[in-house]
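The values are calculated or read from the model by the stated rules, or taken from the named source; none is laboratory data. Computed from a predicted structure; not experimentally measured. As a convention, Cβ positions derive from the backbone with ideal geometry for all residues, glycine included, and neighbour counts pool all protein chains shown. Keep in mind that these areas ignore ligands, DNA and RNA; they rest on the heavy atoms of the full protein, side chains included. Shrake-Rupley method; radii C 1.70, N 1.55, O 1.52, S 1.80 Å.
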Amino acid sequence: MKLTLNGQNETLENETLTIEELLKIKDVKMPEMVTVEHNGEILDRAAFATTAVKEGDTLEFLYFMGGGSH
Amino acid sequence: MNLTENQIERYSRHIILQDIGGVGQEKILNSKVLIIGTGGLGAPAALYLAAAGVGTIGLVDGDVVDISNLQRQVIHFTPDIGVLKVESAKAKINQINPDVIVKTYAEFFTADNALVILKDYDFVIDGTDNFPAKFLINDACVMAKKPFSHGGILRFAGQTLTHTPGHACYRCVFNSPPPANAVPTCSQAGVLGAIAGMLGTIQAAEALKFITGVGELLVDRMLIFDAKSMNFRTVKLKKNPSCPLCGDTPKITSLIDYEQAVCDLKKG
Ligand SMILES: [Zn+2]
């Protein structure tokens, strides 16, 4: 299926996929460090395993970033 | 308030900007900006806001300057090692621009002092390095209806969003702080010093845009950049109905001091 992930067009071999599986495929080592925006909606972390990714979906992986003061 | 001849000269490059002009410069001179954290992000932000003539700059930081800060915290100089960061920063601001009143808070931002410190300011810059502080700043600003700029940096990357009342907050995106052991600390992960400058000056620009009403703020958007590829992009955000702070059924109704486990304050 074709997706837009972090602004880039991606083609994946999978025909069905959950958010959790996509995070694995994309080698996201610490899913607890990422927020997923799925077609403009921020997903609840608990829904990663049950939310299906569909052809043409737009996804953003947003990472925690600290840094600054010290 | 009328600009003096000296001020007209000092701020001439602002005043000739059509969007700012003398009226915009007067707004800047009458504005009050609070910078929380006088480190990697707060340092460049403070330098540019001071040069711009922001009338009152508040600085919150309980730490002293350490030699490992000097790689990126450009408001502090080598002779400042061991000096309170807020005092070091105040001295530089006074030298850059005597028009600026500097208020120093030589303490960390906590659930106890947050709302009292925020009260007098028009805009807040989050220049902190740790998630407990970032969530606290978000919560306090949302509760007090204060606009603020969030900033985060890691290695070669940065992210920033601006919150104004009624729009997406940091918790709309990041529900709660990450598990402490999941986050590389600043000392472990490292950061290219210039990244702090890039992000801190974006935050200063957002503050000046807010004060003067020029342009479109990073509201309901997050700017993300990666300096390795020099790709900049903005991700659209919206207020999240399940946000624990500003959503339909808020769970957070008072300020929280999360455990400081993410970034060791002394060594970070
Ligand atoms: Zn929110």
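Round to the nearest 10 and report in Å² the accessible area of A:HIS38, as given by a 1.4 Å probe over the protein chains' heavy atoms.
We get 20 Å² for A:HIS38.
In chain B, carbon and sulfur make up what percent of the accessible area (probe 1.4 Å)?
54 percent
Give the long-range amide H neighbours of B:GLY58: residues separated by 5 or more places, or on another chain, with amide H under 5 Å away, using H modelled in the peptide plane at 1.01 Å from N.
B:VAL33, B:LEU34, B:ILE35, B:LYS103
When the Karplus curve 6.51 cos²θ - 1.76 cosθ + 1.60 is applied with θ = phi - 60°, which whole-Hz ³J(HN,Hα) does each residue of segment B:117-133 get, with x for Gly and Pro?
5, 4, 2, 8, 10, 8, 8, 10, 10, 7, x, 8, 10, 10, 5, x, 5
Over chain B, what relative contact order in percent results from Cα pairs under 8 Å that are six or more residues apart?
Once divided by the residue count of chain B, the mean separation gives 19 percent.
Please calculate the 1.4 Å probe accessible area of A:LEU17, with all protein chains present, and give it to the nearest 10 Å².
Counting only protein heavy atoms, the figure is 10 Å².
When ligands, DNA and RNA are left out and all protein chains stay put, how many square angstrom of accessible area per residue does the protein assembly as shown have with a 1.4 Å probe?
Ligands and nucleic acids excluded, the result is 45 Å² per residue.
Segment B:147-170: which residues show an accessible-area loss of 20 Å² or more, assembly versus chain alone, 1.4 Å probe?
B:ILE153, B:LEU154, B:GLN159
From the backbone phi of segment A:19-31, what are the Karplus-calculated ³J(HN,Hα) couplings (6.51 cos²θ - 1.76 cosθ + 1.60, θ = phi - 60°) in whole Hz, Gly and Pro given as x?
For segment A:19-31, the Karplus curve yields 4, 4, 5, 4, 4, 5, 4, 7, 6, 7, 6, 10, x Hz.
Just how large is the dipole of segment B:47-154 about the Cα centre, in debye to the nearest 20, putting +1 at every Lys and Arg Cβ and -1 at every Asp and Glu Cβ?
The calculation lands at about 220 debye.
Taking a probe of 1.4 Å and counting only protein heavy atoms, give the total accessible area buried between chains A and B in Å², rounded to the nearest 100.
When A and B are taken together, about 2400 Å² of accessible area is lost.
Tell me, which longest segment in chain B has none of the GluC sites (Glu not before Pro) that fall in DSSP loops with at most 15 further Cβ atoms within 10 Å?
B:108-215
Given bins 5 angstrom wide, list per bin the percent of all Cα-Cα distances in chain B, short to long.
Here the calculated profile for chain B is 1, 6, 13, 18, 20, 18, 13, 7, 3, 1, 0, 0.
DSSP loop (so not H, G, I, E, B), at most 11 other Cβ within 10 Å: list which GluC sites (Glu not before Pro) in chain A pass both filters.
A:GLU13, A:GLU15, A:GLU55
Enumerate the calculated ³J(HN,Hα) couplings along segment B:28-38 in order (Karplus 6.51 cos²θ - 1.76 cosθ + 1.60, θ = phi - 60°), each rounded to whole Hz, writing x wherever the residue is Gly or Pro.
My calculation for segment B:28-38 gives 4, 5, 9, 8, 10, 10, 9, 10, 9, x, 10 Hz in order.
With a 10 Å radius around each residue's Cβ, average the other Cβ atoms per peptide and rank B:18-24, B:126-132, B:220-226, highest first.
Result, highest mean first: B:126-132, B:220-226, B:18-24.
Share of segment A:2-63's accessible area from carbon and sulfur, percent, 1.4 Å?
It is 48 percent, rounded to a whole number.
From largest accessible area down, sort B:LYS92, A:LYS54, B:LYS239; use a 1.4 Å probe on the protein chains.
The ordering from most to least exposed comes out as A:LYS54, B:LYS239, B:LYS92.
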